[in-house]
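The values are calculated or read from the model by the stated rules, or taken from the named source; none is laboratory data. This one's a predicted model, so the numbers in the text were calculated from it and none came from an experiment. Because the Cβ atoms are built from the backbone with ideal geometry, glycine has one as well, and the counts that use them run over all protein chains shown. For the accessible areas, the whole protein counts, side chains as well, though only heavy atoms, and no ligand, DNA or RNA atoms are used. Shrake-Rupley method; radii C 1.70, N 1.55, O 1.52, S 1.80 Å.
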Amino acid sequence: MKNALVMALLALIFAAVPAQAQEDARWSIAIHGGAGTLDPDRMTPERRAAYEAALQNALDAGARVLADGGSAMDAVKAAIVPLEDEPLFNAGRGSVFTWEGDNELDASVMDGIDRSAGAVTGVKSIKNPILLADKVRTDSPHVFLMGTGAEEFAGEQGIETAPPEWFATERRRESLERMKARNLSSLDVDLKFGTVGAVALDQNGNLAAGTSTGGMTGKRWGRIGDAPVIGAGTYADNRACAVSATGWGEYFIRVGVAQEICTRMRLLRATNYLSLGTAPVAPEEEMATAQLAADAVMAEVKELGGDGGIILVTPEGHALYSFNTSGMYRGRANSEGLSEVAIFSGE
Ligand code: ASP
């Protein structure tokens with residue numbers, strides 16, 4: 001009888017092991033390729049298919065890293081590099097032009113484990129600025145490097161470069177020319193942003209975020225948007241969330257969007273903890289809490305006159321979006337088998 005009891009107990013314990021292992025193996029990733037005025041009626045099926053294929057390709061690259069047990073930061077970089085190389089998006093190859101006719105690139109990363117961060121702005125010859133941003137994080141005593149100094153550091157670190165022709169595309173040059181000829185704003189010529197970003201939760205429970213962009217068409221005077229500004233375009237904190245933004249950078253800087261969302265999440269989670277006496281917050285509430293925080297901050301951006309969107313992943317693996325434009329190129333995947341890409345709002 002005693003033996004039977006022990007056996008039953010052991011069986012219970014061992015039966016619990018796979019469930020625990022499965023629980024530990026949870027991972028999640030979300031990506032974006034910019035938000036803006038996207039009209040389904042004005043997008044040809046071919047163009048839509050091209051965007052969806054590029055998003056799926058990037059999502060799969062990041063998801064593979066996470067499924068294999070890689071870090072959230074490696075997954076973020078793995079997802080962003082193909083988006084930088086893809087001319088459809090405004091990052092790396094295919095970046096928008098400055099007023100002077102150059103491509104000046106910005107990127108940033110942040111690791112939620114220790115809130116280490118790296119960022120670069122105004123680089124012109126770095127093939128994948130996201131990789132340089134991470135090098136700044138791991139191999140320099142600094143967080144934020146600009147222009148020629150950042151490129152000098154890249155040279156010392158053996159980061160791959162590319163000639164100006166690599167980044168320049170006809171479509172983006174035409175946007176700049178149209179802007180100048182008709183005295184339009186960068187929003188008029190582009191109607192959308194096109195920055196790329198990724199956020200991830202790895203199997204060890206760590207979060208990371210990254211964002212890369214060419215900025216806004218016709219930018220001048222050394223203008224810097226939110227994408228390389230830690231706290232505005234990118235933020236990650238294991239206690240709260242990881243966020244990557246896209247949109248009208250000036251507003252995202254003023255609101256401090258990415259960090260503001262994480263701070264609100266931290267406070268909401270703490271409040272729930274105090275009132276419910278349990279931690280972390282119940283799973284069904286956790287997702288709502290995150291959406292609440294993200295939507296409230298995006299509403300502030302809108303109120304001030306800005307637009308755009310964010311992607312977010314929580315420590316529990318919920319990946320979600322919040323945007324106040326008619327569309328955002330986006331996708332998400334997780335260890336439960338979800339893998340989806342979408343473009344327009346309501347999809
Ligand atoms: N946020 C970027 C900037 O202001 C633009 C974008 O999202 O495409 O530079």
Diffusion constant of region 138-234 at 10 °C, which comes from Stokes-Einstein with the Kirkwood Cα-pair radius and 1.306 mPa s, µm²/s
98
With Cα springs under 10 Å, the Gaussian network model of the chain assigns the largest mean-square fluctuation among ALA61, ALA30, ALA242 to ALA61
Using alpha carbon centroids, what distance separates region 285-339 and region 44-92, in Å?
18
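Please compute the per residue accessible area over the chain with all protein chains in place, 1.4 Å probe, rounded to a whole number of Å². Intermediate values should be presented prior to the final figure.
Numbers: 15060 Å² over 347 residues.
Computed with neighbouring chains in place, this is 43 Å² per residue.
Enter the mean projected area of the convex hull around the alpha-carbon atoms of region 224-268, in nm², rounded to one decimal.
Average projection, Cα convex hull of region 224-268: 2.7 nm².
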Under 5 Å, built H, 5+ apart or other chain: amide partners of LYS219
TRP99
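What is the diffusion coefficient of region 36-177 in µm²/s, taking the Kirkwood radius over Cα pairs and the Stokes-Einstein relation at 10 °C with a viscosity of 1.306 mPa s?
On the way: Rh = 16.2 Å.
Value of D from the Cα-based Kirkwood radius: 98 µm²/s.
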J(HN,Hα) series, region 166-177, from Karplus relation 6.51 cos²θ - 1.76 cosθ + 1.60, nearest Hz, glycine and proline x
4, 7, 7, 10, 4, 4, 6, 5, 5, 4, 5, 5
Using only the alpha-carbon atoms, how far is helix 45-67 inclined from the longest principal axis of the chain? Give it as 0 to 90 degrees, nearest 10.
40
Using each residue's phi in region 230-245, evaluate 6.51 cos²θ - 1.76 cosθ + 1.60 at θ = phi - 60° and report the 3J(HN,Hα) Karplus result to the nearest Hz, with x for Gly and Pro.
4, x, 9, x, 9, 7, 8, 8, 4, 7, 9, 5, 10, 9, 10, 10
Order of exposure, largest accessible area first, which applies to TRP27, TRP221, TRP99 with probe 1.4 Å
TRP221, TRP99, TRP27
Whose amide H sits under 5 Å from the amide H of ALA232, counting only residues 5 or more places off or on another chain, with H placed in the peptide plane?
ALA258, GLN259
The convex hull of the Cα atoms of region 196-279, divided by residue count, gives a volume in Å³ per residue of 83
Based on DSSP H runs of at least 4 residues, each adding -39500 (n - 2.57), what is the mean residue ellipticity at 222 nm of the chain after dividing by all its residues, to the nearest 500 deg cm²/dmol?
-14000 deg cm²/dmol
Of every hundred units of 1.4 Å-probe accessible area on the chain, the number belonging to carbon and sulfur atoms, as a percent, is 55
In the chain, what percentage of the DSSP-assigned beta bridges are antiparallel, given to the nearest 5?
90
Taking the 0 to 90 degree range and rounding to the nearest ten, how far is the long axis of helix 72-85 tilted relative to the main principal axis of the chain, both from C-alpha atoms?
30
Candidates PRO141, PRO164, PRO228, ranked by Gaussian network fluctuation over the chain, Cα under 10 Å, top entry:
PRO141
Longest to shortest principal axis, alpha-carbon extents of the chain, angstrom
90, 44, 40
If r is the Cβ-Cβ distance from ALA49 to ALA25 and R0 is 30 Å, what FRET efficiency results, to the nearest 0.05?
0.40
Can you list the residues, at least 5 places off or on another chain, whose amide H is less than 5 Å from the amide H of GLY122, using H built in the peptide plane?
LEU105, ASP106, GLY147
Work out from phi, with θ = phi - 60° and the Karplus expression 6.51 cos²θ - 1.76 cosθ + 1.60, the ³J(HN,Hα) of each residue of region 289-300, listed in order in whole Hz, and give x for Gly and Pro.
4, 5, 5, 4, 5, 5, 5, 5, 6, 5, 5, 5
On a 0 to 90° scale, report how tilted helix 129-139 is relative to the longest principal axis of the chain, with both axes built from alpha carbons and the result rounded to the nearest 10.
60
